[in-house]
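Written out below as structure tokens is the structure these notes cover.
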Amino acid sequence: MEKNKLQIYSSLTGKKELFSPINKNFVGLYVCGPTVYSNVHLGNCRTFISFDLVYRYLLHLGFKVRYVRNITDVGHLVDDADEGEDKIAKKARLEQIEPMEIVQKYTVDFHNVMALFNSLPPSIEPTATAHILEQIELIKQIIENGFAYEVNGSVYFDVLKYNESFPYGQLSGRKIEDLISGTRDLDGQEEKRNSLDFALWKNASAEHLMKWPSPWGIGFPGWHLECSAMSTKYLGELFDIHGGGMDLKFPHHECEIAQGCASTGKSPVNYWMHTNMLTLNGKKMSKSTGNTLLPLELISGENDLLEKGFDPMVVRFFMMQAHYRSTLDFTTEALIASEKGFQKLMEAISKLPNLNASNESSFDVKKLVESFYEAMNDDFSAPSLVANLFEAIRYINLISDDKETISKQDLTLLSKEINAFVFDILGLKKIQEQGNGKLSKVMDLVLEIRQEARETKNWSMSDLIRDKLNEVGIVVKDGKDGADWTSGL
């Protein structure tokens with residue numbers, strides 16, 4: 001295992017850098033988690049699956065990894081502005097239920113979807129509401145250091161003051177002068193000293209649902225603050241890797257750097273990593289245009305944008321065929337190609353235990369295995385790894401057809417490494433292993449009952465069965481040849 005050869009692309013420097021953890025065998029990894037006010041979307045899934053790959057490979061290399069992924073359950077304002085209503089509170093008000101009911105509902109949904117895609121749970125999954133005290137203490141420190149100010153019960157980060165000591169905009173590559181010229185002039189009624197200043201704490205109105213006492217009055221924390229507070233608590237003032245979608249680079253991650261420097265005098269993260277966007281049929285995913293797809297709609301096939309549903313493992317495998325920093329386009333044709341490739345991969349792996357070993361190998365097995373590590377050491381290049389795995393598949397099929405030979409020792413090595421990279425690192429599972437025997441029998445009966453409901457046009461019963469199964473992590477896929485199912489249990 002080649003720990004000392006791993007290179008990571010740093011969004012801060014714009015180049016690949018040799019990975020050197022702060023503590024020799026310990027890695028601190030923080031990933032911005034979901035804001036739980038709606039169903040998790042595919043873009044979220046891509047980010048979390050990408051960092052699941054990172055987590056898995058670091059573990060494979062022998063590092064002890066503390067993976068922290070937060071849940072944003074307060075403070076995320078509409079349109080990510082400093083004014084307006086919290087997204088979760090707004091959803092709760094519209095549905096006339098408690099905000100924590102919204103949080104619970106969509107947190108469970110998020111976990112179910114991640115289980116379907118076989119993503120490992122993080123080491124710690126803190127929530128913003130459980131760390132209000134830590135956020136208040138962080139604000140106090142920033143004020144004490146002269147980089148924030150209080151106005152009418154709200155606290156704002158002073159970006160121009162900060163920029164005198166630290167470069168604001170270093171992560172996104174934006175210059176403070178351009179940012180100032182691109183914002184509106186203050187109208188005299190604005191609380192902030194400068195248009196670039198962002199909220200650390202907001203004064204809450206009487207009707208605001210989610211609020212807490214603080215030294216500045218009753219209010220709630222700003223969105224950017226929670227990640228700084230929780231990453232510091234669980235990973236320290238300086239940690240190794242911080243990840244998220246590229247849409248978070250500015251302003252969220254830029255503000256995190258500012259908060260870290262303002263409170264401790266140093267940048268909080270060594271390696272910033274960002275995943276790229278998804279497109280659907282060549283176009284940007286957008287709710288307003290209808291060009292959008294939820295994970296369960298993709299899996300079940302119940303959508304008008306793709307021709308059929310796809311197993312979660314096929315979707316995960318599809319995501320692995322594009323580098324996390326590249327745009328990924330979801331199309332029926334591309335997913336079908338991945339489905340065929342996934343089947344080919346699993347068929348080859350199933351041949352491994354039955355291959356006949358010879359006295360010697362007719363090809364360089366060690367070099368082939370080394371190519372797996374070279375791919376992943378090159379900024380976690382899953383597409384290169386997949387290509388090298390298919391080269392291994394070619395040899396497996398040739399050995400099976402007695403056109404190549406492999407020694408017993410090399411066969412043991414190849415089997416061990418292929419299984420490790422496919423199942424432990426890429427995180428794939430054989431589709432037929434997703435349900436146990438008893439569950440399969442129960443599901444056969446459930447699907448038979450559901451089919452009878454459909455044949456009698458009892459659509460409400462059919463939909464109820466499907467929806468209840470979805471709630472416990474079982475996705476029903478309707479196809480031309482009947483219904484099938486996938487379980488994240």
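The values are calculated or read from the model by the stated rules, or taken from the named source; none is laboratory data. These numbers come from a predicted model, not from an experiment. Quick reminder, even Gly has a Cβ in these numbers, built from the backbone with ideal geometry, and neighbours come from all protein chains shown.
Data for the structure
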{"quantity": "Subset of the stretch 239-282 (residues that are charged (D, E, K, R), within 23 Å of Ala199 (Cα to Cα) and over 14 Å from the mean Cα position of the chain (by Cα))", "calculated": "Lys249, Glu254, Glu256, Lys266"}
{"quantity": "The stretch 378-389, subset crowded, with 19+ Cβ neighbours inside 10 Å and of a type in the set (A, V, I, L, M, F, W, C), residue farthest from Glu347 (Cα to Cα)", "calculated": "Phe380"}
{"quantity": "Filtered residues of the stretch 103-154 (kept if at negative phi and polar (S, T, N, Q))", "calculated": "Gln104, Thr107, Asn112, Ser119, Ser123, Thr127, Thr129, Gln135, Gln141, Asn145, Ser154"}
{"quantity": "Test: residue in the stretch 285-293 that is β-branched (Val, Ile, Thr), out of contact with any helix residue (DSSP H, G or I) (no Cβ under 8 Å at 6 or more places or on another chain) and under 30 Å from Gln141 (Cβ atoms)", "calculated": "no"}
{"quantity": "Every pair of residues 6+ apart whose Cβ atoms lie under 7 Å, when the first sits in the stretch 354-377 and is in contact (Cβ under 8 Å) with a residue 60 or more places away in the chain while the second is not hydrophobic (A, V, I, L, M, F, W, C) and not in a helix (DSSP H, G or I)", "calculated": "Tyr373/Glu2; Asn377/Glu2; Asn377/Gln7"}
{"quantity": "All positions within the stretch 186-210 that are touching a Gly at 6+ places or on another chain (Cβ under 6 Å) and part of a loop (DSSP other than H, G, I, E, B)", "calculated": "Ala204"}
{"quantity": "Every residue from the stretch 177-212 that is at pLDDT 90 or above and under 29 Å from the mean Cα position of the chain (by Cα)", "calculated": "Leu196, Asp197, Phe198, Ala199, Leu200, Trp201, Lys202, Met210, Lys211"}
{"quantity": "Residue match in the stretch 102-123 (condition: touching a strand residue (DSSP E or B) at 6+ places or on another chain (Cβ under 6 Å), at pLDDT 95 or above and among the small types (Gly, Ala, Ser))", "calculated": "yes"}
{"quantity": "Subset of the stretch 1-20 (residues that are modelled with pLDDT under 95 and either acidic (Asp, Glu) or buried (at least 23 other Cβ atoms within 10 Å of the Cβ) (or both))", "calculated": "Glu2"}
{"quantity": "Subset of the stretch 272-304 (residues that are among the hydroxyl-bearing types (Ser, Thr, Tyr) and either without any contact (Cβ under 8 Å) to a residue 40 or more places away in the chain or in a loop (DSSP other than H, G, I, E, B) (or both))", "calculated": "Ser286, Ser288, Thr289, Thr292"}
{"quantity": "3 or more residues under 17 Å from the mean Cα position of the chain (by Cα), of a type in the set (Phe, Trp, Tyr) and farther than 26 Å from Gln170 by Cβ: qualifying strands (runs of 3 or more DSSP E) within the stretch 7-81", "calculated": "none"}
{"quantity": "Among residues of the stretch 21-40, those that are in contact (Cβ under 8 Å) with a residue 24 or more places away in the chain and surrounded by fewer than 19 Cβ atoms within 10 Å (Cβ to Cβ), counted", "calculated": "5"}
{"quantity": "Members of the stretch 193-247 found to be buried (at least 24 other Cβ atoms within 10 Å of the Cβ), touching a helix residue (DSSP H, G or I) at 6+ places or on another chain (Cβ under 6 Å) and charged (D, E, K, R), listed by number", "calculated": "Glu226"}
{"quantity": "Top-ranked residue in the stretch 267-316 [being among the basic types (Lys, Arg) and more than 20 Å from Phe110 (Cβ to Cβ); ranked as surrounded by the most Cβ atoms within 10 Å (Cβ to Cβ)]", "calculated": "Lys308"}
{"quantity": "Scope the stretch 390-404; condition buried (at least 19 other Cβ atoms within 10 Å of the Cβ) and more than 32 Å from the chain's Cα centre (by Cα); matching residues", "calculated": "Tyr395, Ile396, Ile399"}
{"quantity": "Residue match in the stretch 220-243 (condition: assigned to a loop (DSSP other than H, G, I, E, B) and either of a type in the set (A, V, I, L, M) or under 26 Å from His323 (Cα atoms) (or both))", "calculated": "yes"}
{"quantity": "Criterion: modelled with pLDDT of 95 or more, surrounded by fewer than 19 Cβ atoms within 10 Å (Cβ to Cβ) and not in a loop (DSSP other than H, G, I, E, B) - qualifying residue of Ala337, Ala375, Ala348", "calculated": "Ala337"}
